[in-house]
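The block underneath contains the structure these notes are about, expressed in structure tokens.
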Amino acid sequence: MTRFRLAIPNKGRLMEPTAKLLRDAGLSFERTDRALTVPVRNAPIDLLLVRTDDVVELVEDGVATAGIIGRDLLVEAEADLDVLAELGYGRCRLTAAVPDASPIRSIEQLAGLKVATSHPNSTAGLLRALGIDVTVITLRGSVEVAPTLGVADAVVDLVSSGSTMMVNGLRPIADLLESEAILVGGPGANAIGTHLATVLKAVVEGRSRRYLMMNAPREAVGLIESLIPGLAAPSVIPLAHNGMVAIHSVVDADDLWELLPSLEEAGASGILILPVEQLIA
């Protein structure tokens, strides 16, 4: 059987989160510093450990069947690859910024100006889609200092917190692209690719959910059920004393801050929250 080849970053900010995701998905493998190919022991998959910038080309050329990269790199490469799954980590933004003292306040005001970036294809294409023509100055490093050096009027750079731009006296004016780690596949991404995407998406979904358990009076069940925005109706288990029941449900982690006080007001007690992956482990 031909093994499925998955290209993943061998260094950089996506390396460790990618390895963790694959292990959380049940894939068993051992990495070493010098290995370029690592076999997965319990699935017909070989991991190709490569430079992040090479992932797109390897998948395009059919050397790898699929790969994990940031969406920004896929857009920059202008590659015709399928996005099989969004993976929920490595989030960042391709952001346009100008010096603090610049009179420019909107993205439209960049028209006709010089913009420095390490993402020339993305910058030109995304601005063109907005009807804004600029002169793109390609830099591979120190993009933030381009306005200070008089090289450009503005910059477009990849940011997560934005602190580097602030340190360099830059003011964001618009986000051009939201990026995160994604699983991409070429024409050869077969049933194993679909299987891998399904498993990874399930793990990513599980990370954003919490398993909620509580006790409540039987007469409060209807109200509590109406409060819980779960995937399905919660499980209600009768208890052996005082007309109480145990209620179990899966909810979005983002809902907990608003949800828990409402549940207590409705009569819930002994509320416990568990990560979904803890229940599976």
Hits in region 103-120 (condition: of a type outside the set (Val, Ile, Thr), crowded, with 17+ Cβ neighbours inside 10 Å and part of a loop (DSSP other than H, G, I, E, B)): 118, 119
Scope region 213-264; condition surrounded by 15 or more Cβ atoms within 10 Å (Cβ to Cβ) and either in a loop (DSSP other than H, G, I, E, B) or basic (Lys, Arg) (or both); matching residues: 228, 230, 234
Which listed residue, of 22, 74, 49, is part of a helix (DSSP H, G or I) and either in contact with a Cys (Cβ under 9 Å, 6 or more places away or on another chain) or farther than 24 Å from residue 207 by Cα (or both): 74
Unique residue being of a type in the set (Val, Ile, Thr), in contact (Cβ under 8 Å) with a residue 12 or more places away in the chain and surrounded by fewer than 20 Cβ atoms within 10 Å (Cβ to Cβ) when the list is 38, 63, 56, 50: 63
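One line per residue, one yes/no per condition, for (1) over 31 Å from the mean Cα position of the chain (by Cα); (2) polar (S, T, N, Q); (3) more than 30 Å from residue 45 (Cβ to Cβ); (4) in a helix (DSSP H, G or I):
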{"residue": "150", "(1), (2), (3), (4)": "yes, no, yes, no"}
{"residue": "175", "(1), (2), (3), (4)": "no, no, yes, no"}
{"residue": "183", "(1), (2), (3), (4)": "no, no, no, no"}
{"residue": "197", "(1), (2), (3), (4)": "no, no, no, yes"}
{"residue": "211", "(1), (2), (3), (4)": "no, no, no, no"}
Residue check, residue 74 within 17 Å of the chain's Cα centre (by Cα) and not assigned by TED's automatic domain parsing to the domain that holds residue 135: yes
Tally, over region 213-230, of residues that are over 28 Å from the mean Cα position of the chain (by Cα) and free of Cβ contacts under 8 Å to residues at least 24 places away in the same chain: 3
Residues (part of a helix (DSSP H, G or I), without any contact (Cβ under 8 Å) to a residue 24 or more places away in the chain and surrounded by fewer than 18 Cβ atoms within 10 Å (Cβ to Cβ)) located in region 121-148: 128, 129, 145
Meets criteria (in contact with a strand residue (DSSP E or B) (Cβ under 6 Å, 6 or more places away or on another chain) and of a type outside the set (Phe, Trp, Tyr)) for residue 235: yes
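The values are calculated or read from the model by the stated rules, or taken from the named source; none is laboratory data. Small disclaimer: the values here were computed from a predicted structure and weren't measured. Glycine also receives a Cβ, built like all others from the backbone with ideal geometry; neighbour counts cover every protein chain displayed.
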